[in-house]
Amino acid sequence: MLARRLPGLLPALSFEEAVEATSIWSVAGRLNPGQGLLPSRPFRAPHHTISVAGLVGGGSPLRPGEISLAHRGVLFMDELPEYGHAALEALRQPLEDGEITLVRAKDRATMPARFMLLGAMNPCPCGHASDPEPDRCICTVPAKESYRRRISGPILDRFDLHIEVGPLRTKDFLGLPQGESSAVIRERVERARQVQRRRFARHPGLHCNAQLTGPALRKLVDASEAARARLARFIDEKNLSARAHDRILKLARTIADLEARDRVEEKDVDGAVQLRCLDRPVRGGPGTGRLTSLQLARNAALNRAPGASPGAILREGT
Ligand SMILES: [Zn+2]
């Protein structure tokens, strides 16, 4: 339920984006007779038993997979560790390139696949590691680590945000104040995107922070010395990759954009680190310790159905 709200928070489809997405749906034979352009960003939620061809495309003749049907929209993978290893690994290249090249016998086709990937997983095999009563989780630390390892490092590295969404009892749920509407949040996102478009006006092909990589990212993100030093310290302490460094810097840039500030400060780095809970090691055995619930996760829970998956990881893509 929470995942399905995501397309409503993203900027409206531009005409060009709508044409691209509709073309793919047309090639896949998914449009109803007489249907015009797709009216909103696609939301796709394939089951974890999906084949590699179903996910990335394939068959004869070649057909687009779910990642292309989700082009310019959201691909939601619930119970992420349950997807086949081959299917998860097949996402690596399209997540980097925004397209997939399919080769089958004599056929070869390159299809667009620029989507926001949203995954959900339990915090541990028994699913209770985030419960307010810590004794409910019966998992050992090795069992928790093994569960996390079902998502390979390279795939995990490609997610910008990891947010823990704790369980919510009905009485808490009913007592929470009404959250912001999707329309209000979307306005804030649109304003941040405008700032980003102005920033990248002289850089063809760039229009939002999600597209920044490597040298361009470090050059175009204006961060204070203190913010850069704080980030470097965190990366060293946690022994994280250069890719994780860039993801956190990019996220800090987006946090500053949402608050209409030109320069990334230490508090933006702190905020970005808080939105990446899987960078922290697994803690606690049965009945001990759990990851701290995050304020954002709490806010997100306002729109969450009781019983939905407690963890969510998110990749910027559109
Ligand atoms: Zn557990």
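Residue 247 - would you say it is basic (Lys, Arg), touching a helix residue (DSSP H, G or I) at 6+ places or on another chain (Cβ under 8 Å) and closer than 19 Å to residue 272 by Cα? Answer is yes for this residue. Is it the case, given these coordinates, that residue 107 is more than 23 Å from residue 2 (Cα to Cα), away from the ligand (no atom under 16 Å from the Cβ), in contact (Cβ under 8 Å) with a residue 12 or more places away in the chain and of a type in the set (Asp, Glu)? Taking the combined requirement at face value, the residue satisfies it.
Of the numbered criteria (1) charged (D, E, K, R); (2) under 19 Å from the mean Cα position of the chain (by Cα); (3) modelled with pLDDT under 90; (4) under 26 Å from residue 260 (Cα atoms), the one residue 190 fails is (3). Being in a strand (DSSP E or B), farther than 30 Å from residue 60 by Cα and at pLDDT 90 or above: is that true of residue 120 here? Judged against the criteria, residue 120 is a match. For the stretch 129-165, filtering for residues that are free of Cβ contacts under 8 Å to residues at least 24 places away in the same chain, assigned to a loop (DSSP other than H, G, I, E, B) and within 15 Å of the ligand (Cβ to nearest atom) leaves 1.
Within the stretch 219-248, residues that are surrounded by fewer than 14 Cβ atoms within 10 Å (Cβ to Cβ) reach partners that are aliphatic (A, V, I, L, M) and not in a helix (DSSP H, G or I) with beta carbons closer than 9 Å, at six or more positions or on different chains, in the pairs 222/264.
The values are calculated or read from the model by the stated rules, or taken from the named source; none is laboratory data. On a predicted model such as this, the values are computed, not experimentally measured, just so you know. Using ideal geometry, Cβ is built from the backbone for each residue, glycine included, and neighbour counts are taken over all protein chains shown.
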